[in-house]
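What follows is a short report on a single structure.
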Amino acid sequence: MPKPTPPQGGGGATADSPAIPASAIPVEQLRGVGPGVAARLAQLQIHNLAELLFHLPLRYQDRTRLHPIGSLRPGSEVAIEGEVRLSEIKFGRRRMLLVNLADGSGSLLLRFFHFSASQKAQLAPGTRLRCFGEVRRGPHSLEMVHPEFRPIDNKHASPVDAHLTPVYPATEGLQQLSLRRLLEQAITLLEQGQIGLEEYLPTTLLPPGMMPLREAVLLLHRPPPDIALDALAEGEHPAQQRLAFEELLAHQLSLRQLRLAQQHHPAPALAGDGRLQQALLTALPFQLTNAQQQVHAQISADLRQPHPMQRLVQGDVGSGKTVVAALAALQALESGFQAAIMAPTELLAEQHFRNFSQWLVPLRIPLVWLSGRLGAKARREALAAIGSGTARLAVGTHALFQDEVEFARLGLVIVDEQHRFGVHQRLALREKGVVDGLHPHQLIMTATPIPRTLAMTAYADLDLSVIDELPPGRTPVETVAISEARRDEVISRVASACEQGRQAYWVCTLIEESEALQCQAAEVTLTQLQQLLPQLRIGLVHGRMKGADKEAVMAAFKAGELQLLVATTVIEVGVDVPNASLMIIENAERLGLAQLHQLRGRVGRGSAKSSCVLMYQAPLGKLAAKRIAVLRETTDGFVIAQQDLEIRGPGELLGTRQTGILQLRIADLQRHQALLPRVNQIAQQLLQDHPQLAEPLISRWLGSKTRYGSV
Ligand code: ADP
Ligand code: MG
């Protein structure tokens, strides 16, 4: 294999022959990289030496020190050295080779299930061995199963590793050892100054005291033995901070550029004349809260612009987002455009349809309903009305944005309760609504608030509004936790609440089971409750019921004809029945904080004092106990979100796994939270003063494929 071409006739870099940029050298120039390995590297998005050097270790192994065998603790991964005392094959249920290794401080067992004759020979008594592996507690003593091992010379001390051993993210067909060998070559070239990594960020833009890029990269690939291991494991080492900063910045820049690009698209300027909005406001039985008014004003101003609004409205459950959405929709309608409202579940979409019908039919505005479960004829009619423009407002599930749906003049898309909605989905949705080159405005509403700096990072392509006030007259929900063993008490509590004219929800949860099982469990609970509480009118709603049946049950509950509603978590979002003031949640220990908060948000919507009973199966695990404690202490969605962030990490909170929002290599939104305000600020400054730097930084960290702007 050819060696990397040395710069201008060989030797290291000198003042007049600067290092070649690592990005200019294809991986094929390394020893050991043929077409096969190159193809596998390409799967890791590694084509050149810069990309290779930014393939950072996941963790490290420490082979720089030999540990006395007598000092070992189970669970640690260590290097040891000792003499083989005994080596025997044991025949039992499984044939295995057992080796006893001792070093004067103690002894331990090496256990091998697979071994060749020559390996057995290498492990003969009297041999000195160096081993590396994880220490476990065995039946009789500490042991290592299949450690790495090598015989060493008895007479001469053989040196230990000079650096910690990096463990890289590997891929099929490209093993750890091969990756290490390739990186070794690249690192040596970088160390010798034959290749260089561009430091794109001027020092003026880096937070003070940050490590230079080259130093940080070298250090992370080859940490010295005395490095602060704890800091390293926690991602807090200055070298990690330096790279995390740059990575977060790159994401931020990409999202901001996307936003700038969006702003260049033309959108219909929805001036409206306020007529319909005014009519709705007059008809409402309440006044908007200050927070609702403010957010409404922000949206209204955005809609008047000739470029697409991209706004995320966060507001706790029950803060009154729906009416704000309705006002936005009316502004589009007043301006002669259509609006579409998309909800994540059928039940919520149905409820919106009912609400909007109540509000809009008196204003003589035709609206349609579209979901995947609509019959063929109804569907055809709905599609025709949307396509001809006779339907001014369309309400539905994601079925609204399937290929056959074509809007005549779509001005505004509203996505409700769907923050787990990646950049790509947002873009796709808007593309879908483009008519005559005009991009529709977009409003996204969520009741799962996320802390502000995190929101600004993950949703840097959006403007943010917060409805930070609940309508007046709400009393906070009282939350109690009761063990399943006291189910009888809970049941009599339900009975007495209903006798007092209150209504209640009984939520059946089965986590990680199929929807079918959930529905079945709810049916069983219904039967049981009907037997125990024959005096009550009890209904059932779950995800497998027909739309019309669900609708009928919900309507009966809303009208007060049903006193108790047994439900699966389909009622998690959006369901709004103000007279319901008691909620029982079964198996509460198995649900996450955000979900419990959402569920609990179904009560406490009226003026009656509401309560939520979290029933759990004892004993409670530590995390479950913590979640339940948080819920009992607060009903503030933002506080809960912050706790959720601490308990579960941002991946879960943002739904990263589902949506691919911010897939980070080294940065961690929680660990590096402290960097976020600075990142946001620098991103802005960089785009202003050094816009040419954005592109190379983005491609360094996001590659060319995952780039947001290119959708
Ligand atoms: P969410 O933000 O959870 O979507 P909703 O829009 O469903 O909340 O509103 C919850 C309830 O509060 C509804 O019954 C709604 O009619 C009512 N509501 C909304 N705004 C106000 C207000 N300003 N004053 C009183 N009630 C309001
Ligand atoms: Mg809502």
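The values are calculated or read from the model by the stated rules, or taken from the named source; none is laboratory data. Keep in mind that this is a model prediction, so the values were computed, not measured. So basically every Cβ, Gly included, is an ideal-geometry build from the backbone, and we count neighbours across all protein chains shown.
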- Output the number of the condition that Q277 fails; it satisfies all remaining conditions of (1) closer than 17 Å to M445 by Cβ; (2) touching a Leu at 6+ places or on another chain (Cβ under 6 Å); (3) in a helix (DSSP H, G or I). (1)
- Query: Given the structure, is R426 crowded, with 22+ Cβ neighbours inside 10 Å, at pLDDT below 95 and more than 16 Å from ligand 2 (Cβ to nearest atom)?
  - Reply: yes
- Item | Residue match in segment 398-412 (condition: within 14 Å of ligand 2 (Cβ to nearest atom), surrounded by 23 or more Cβ atoms within 10 Å (Cβ to Cβ) and touching a residue at least 12 places away in the same chain (Cβ under 8 Å)) | no
- Message: As an exercise: evaluate V361 against (1) buried (at least 20 other Cβ atoms within 10 Å of the Cβ); (2) within 30 Å of R474 (Cβ to Cβ); (3) among the hydrophobic types (A, V, I, L, M, F, W, C); (4) away from ligand 1 (no atom under 16 Å from the Cβ) and give the number of the one condition it does not meet.
- Response: (1)
- Item | Residue tally, condition within 16 Å of ligand 2 (Cβ to nearest atom) and either touching a strand residue (DSSP E or B) at 6+ places or on another chain (Cβ under 6 Å) or within 17 Å of D463 (Cα to Cα) (or both), over segment 275-308 | 5
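Table: residues versus (1) closer than 28 Å to L258 by Cβ; (2) of a type in the set (D, E, K, R); (3) more than 16 Å from ligand 1 (Cβ to nearest atom).
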| residue | (1), (2), (3) |
| --- | --- |
| H296 | yes, no, no |
| A343 | yes, no, no |
| A349 | no, no, no |
| G389 | no, no, yes |
- Among residues of segment 130-159, those that are under 14 Å from P68 (Cα atoms) and part of a loop (DSSP other than H, G, I, E, B), counted: 1
- Query: Residues that are over 35 Å from the mean Cα position of the chain (by Cα): which strands (runs of 3 or more DSSP E) entirely in segment 44-129 hold 2 or more of them?
  - Reply: 77-90, 96-102, 107-112
- Query: Would a scan of segment 327-349 turn up a residue that is modelled with pLDDT of 95 or more, farther than 23 Å from G387 by Cβ and part of a helix (DSSP H, G or I)?
  - Reply: yes
- When segment 309-326 is checked residue by residue, the ones that are under 27 Å from G437 (Cβ atoms) and more than 11 Å from ligand 2 (Cβ to nearest atom) are M309, Q310, R311, L312
- Is it fair to say L393 is over 23 Å from T569 (Cα atoms) and within 16 Å of ligand 1 (Cβ to nearest atom)? no
- Task: Would you check if there is a residue in segment 486-507 being of a type outside the set (D, E), in contact with an Asp or Glu (Cβ under 9 Å, 6 or more places away or on another chain) and in a loop (DSSP other than H, G, I, E, B)?
- Result: no
- Of everything in segment 399-417 that's among the aliphatic types (A, V, I, L, M) and within 16 Å of ligand 1 (Cβ to nearest atom), which residue is nearest to L599 (Cα to Cα)? V415
- Somewhere in segment 43-62, is a residue farther than 25 Å from A170 by Cα and without any contact (Cβ under 8 Å) to a residue 24 or more places away in the chain? no
- Look at F113 and say whether it is of a type outside the set (D, E), surrounded by 15 or more Cβ atoms within 10 Å (Cβ to Cβ) and within 26 Å of Q176 (Cα to Cα). no
- Query: Would you pick out the residues in segment 227-247 that are exposed (fewer than 15 other Cβ atoms within 10 Å of the Cβ) and either at pLDDT 95 or above or among the acidic types (D, E) (or both)?
  - Reply: D230, E234
- Residue that is surrounded by the fewest Cβ atoms within 10 Å (Cβ to Cβ), among those in segment 574-605 that are over 28 Å from the mean Cα position of the chain (by Cα) and away from ligand 2 (no atom under 16 Å from the Cβ): N579
- Task: Considering each of V324, V317 in turn, give the residue that is in a loop (DSSP other than H, G, I, E, B) and in contact with a His (Cβ under 9 Å, 6 or more places away or on another chain).
- Result: V317
- Query: Can you name every residue in segment 265-310 that is small (G, A, S) and over 18 Å from S465 (Cα atoms)?
  - Reply: A267, A269, A271, G272, G274, A279, A283
- Message: Checking R379 against (1) away from ligand 1 (no atom under 16 Å from the Cβ); (2) touching a helix residue (DSSP H, G or I) at 6+ places or on another chain (Cβ under 7 Å): exactly one of these is not met. Which one?
- Response: (2)
- Message: Here is a check on your reading of the model: is L288 of a type in the set (A, V, I, L, M, F, W, C) and part of a helix (DSSP H, G or I)?
- Response: no
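To keep it simple, each residue is scored yes or no on (1) surrounded by fewer than 18 Cβ atoms within 10 Å (Cβ to Cβ); (2) touching a residue at least 24 places away in the same chain (Cβ under 8 Å); (3) more than 15 Å from ligand 2 (Cβ to nearest atom).
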site	(1), (2), (3)
G437	yes, yes, yes
A447	no, yes, no
A455	no, yes, yes
I467	no, yes, no
- Query: Of the residues E551, E589, which is modelled with pLDDT under 85, more than 16 Å from ligand 1 (Cβ to nearest atom) and either farther than 24 Å from V415 by Cα or outside any loop (DSSP other than H, G, I, E, B) (or both)?
  - Reply: E551
- If you check every pair at least six apart or on different chains, which have Cβ atoms under 8 Å apart with a residue in segment 559-578 that is assigned to a loop (DSSP other than H, G, I, E, B) first and a residue that is of a type in the set (S, T, Y) and away from ligand 2 (no atom under 13 Å from the Cβ) second? T568/T509
- Message: Can you say whether C498 is touching a His at 6+ places or on another chain (Cβ under 6 Å) and surrounded by 14 or more Cβ atoms within 10 Å (Cβ to Cβ), as far as the supplied structure shows?
- Response: no
- Task: Exactly one condition in (1) in a loop (DSSP other than H, G, I, E, B); (2) within 16 Å of ligand 1 (Cβ to nearest atom); (3) in contact with a Gly (Cβ under 8 Å, 6 or more places away or on another chain) is not met by P266; state its number.
- Result: (2)
- Query: Which ones in segment 571-586 are within 16 Å of ligand 1 (Cβ to nearest atom) and among the β-branched types (V, I, T)?
  - Reply: I571, V573, V575, V577
- Message: Based on this model, can you work out whether C519 counts as surrounded by fewer than 24 Cβ atoms within 10 Å (Cβ to Cβ), more than 16 Å from ligand 1 (Cβ to nearest atom) and more than 26 Å from I647 (Cβ to Cβ)?
- Response: yes
- List pairs: first in segment 315-340 and more than 16 Å from E417 (Cα to Cα), second away from ligand 2 (no atom under 16 Å from the Cβ) and of a type in the set (S, T, Y), Cβ under 7 Å, 6+ apart or cross-chain? Q331/S300
- Any idea how many residues of segment 116-135 are closer than 28 Å to I227 by Cβ and surrounded by fewer than 16 Cβ atoms within 10 Å (Cβ to Cβ)? 1
